[in-house]
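What follows is calculated from the coordinates using simple rules that are stated; it is not laboratory data. Only a predicted model underlies this, so the values are computations on that prediction, with no experimental measurement involved. Cβ: placed from backbone, ideal geometry, glycine included. Neighbour counts: every protein chain shown.
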Amino acid sequence: MANLSLRNGGAAARIAVIPGDGIGKEVTPEALKVLRAVAAATKRSLEFVDFDWGADKFLREGVSLPAGAVEMLRDEFDAILFGALGDPRVPTNQHAADILLGLRFKLDLYVNARPVELLDERLTPLRDRKEKDVRIMVLRENTEGLYVGVGGFFKKGTADEIAVQEDVNSRKGVERIIRYAFEHARKNGLKRVCMSDKSNAMTFAHDLWQRVFKEVRQEYPEIDSRHLYIDTLAMEIVRDPRQFDVIVTCNLFGDIISDLGAQLAGGLGLAPSGNIHPGRTSLFEPVHGSAPNIAGKGIANPFGSVLTAGMLLEFLGWKAEAAALHSGVKEALFKNYLTPDLGGIKKTTEVGDWLAEFVSKAFAP
């Protein structure tokens, strides 16, 4: 296959598309619809290549992540647009772990970026909060911690069973995510970085986080940097989200606190994310999961997937196009052009059509 990616001197941005399972197969096509519309309106060149990796393939062929897939994605594509994984027919979720965690680890996507942004003040459960009050970038270390699968069982299935799960933290891993947080703040004119851990209880792993944070923060004197224990952070982000610009933390805590933040901003249906290694093929996915309970009903909210596509465009350096997708979602919220989860009556495809038309008109002469 000819390598046409921008990263390798080609004319088109090549995007691998993995819709996955459940509503991933419904919202991803809508994100692609909007991406094609904005590309056509701005004369950009986007090439999409679909991959059928998910529960159906796993159940049919016993294949989750095919041999050579990681190298192909790394060498031939600029980015990956991901849907969602999870299917009740695979109760172990083995295929999801193999594909998503496999790509995060094997592509070394050490940044999990999850913006928490209130796009319409009606959506927050917090009293008297405006849109400007909830704007936080949560940066989660994405390749280490408790998610690496180091551990095991002893006497499994007996009354004496012991289960051990190891929390893995390297100097390299901790330093690069903390440094990324400060660089993100500096690049985007943000003034505050908060590092969160549980070093008062996790006295080895998070002592490393403490020491690295204290060293790196000295290189960014213009940024107000502080530390909060994760339980305090959870309370404070609910009490007054205005005090946070950038939050950086470990894999597990970042997973939890970003979902809490998403709920403050209107729910997981509006939550995008990026799995990023700067300068390398990176993966972008909505946070909401496969939602098998509503799959096939045509009512899934495509906003999270469209906002995720906007993050992908920003990663490519296409800021105006990314901003158009973001503006489209805000306008749809303002005009109540919504799926049922947000109180609307529109179908998934109807919202996708509306957003595609919006971004096309945004660049009309």
Inset, instruction - Go through the range 212-229 and give me each residue that's surrounded by 14 or more Cβ atoms within 10 Å (Cβ to Cβ) and either in contact (Cβ under 8 Å) with a residue 40 or more places away in the chain or more than 26 Å from GLU131 (Cβ to Cβ) (or both). - result: VAL212, PHE213, VAL216, ARG217, TYR220, ILE223, SER225, HIS227, TYR229
Inset, instruction - Test ASP78 against the criterion of being in contact (Cβ under 8 Å) with a residue 24 or more places away in the chain, touching a strand residue (DSSP E or B) at 6+ places or on another chain (Cβ under 6 Å), surrounded by 14 or more Cβ atoms within 10 Å (Cβ to Cβ) and not hydrophobic (A, V, I, L, M, F, W, C), and give yes or no. - result: yes
Inset, instruction - Say whether the condition of being buried (at least 24 other Cβ atoms within 10 Å of the Cβ), in contact (Cβ under 8 Å) with a residue 12 or more places away in the chain, small (Gly, Ala, Ser) and more than 30 Å from PRO365 (Cβ to Cβ) is met by at least one residue in the range 22-36. - result: yes
Inset, instruction - Inspect the range 110-130 for any residue being among the polar types (S, T, N, Q), farther than 27 Å from GLY173 by Cβ and free of Cβ contacts under 8 Å to residues at least 12 places away in the same chain and give the result as yes or no. - result: no
Inset, instruction - Could you grab me the full set of residues in the range 46-63 that are aliphatic (A, V, I, L, M) and outside any helix (DSSP H, G or I)? - result: LEU46, VAL49, VAL63
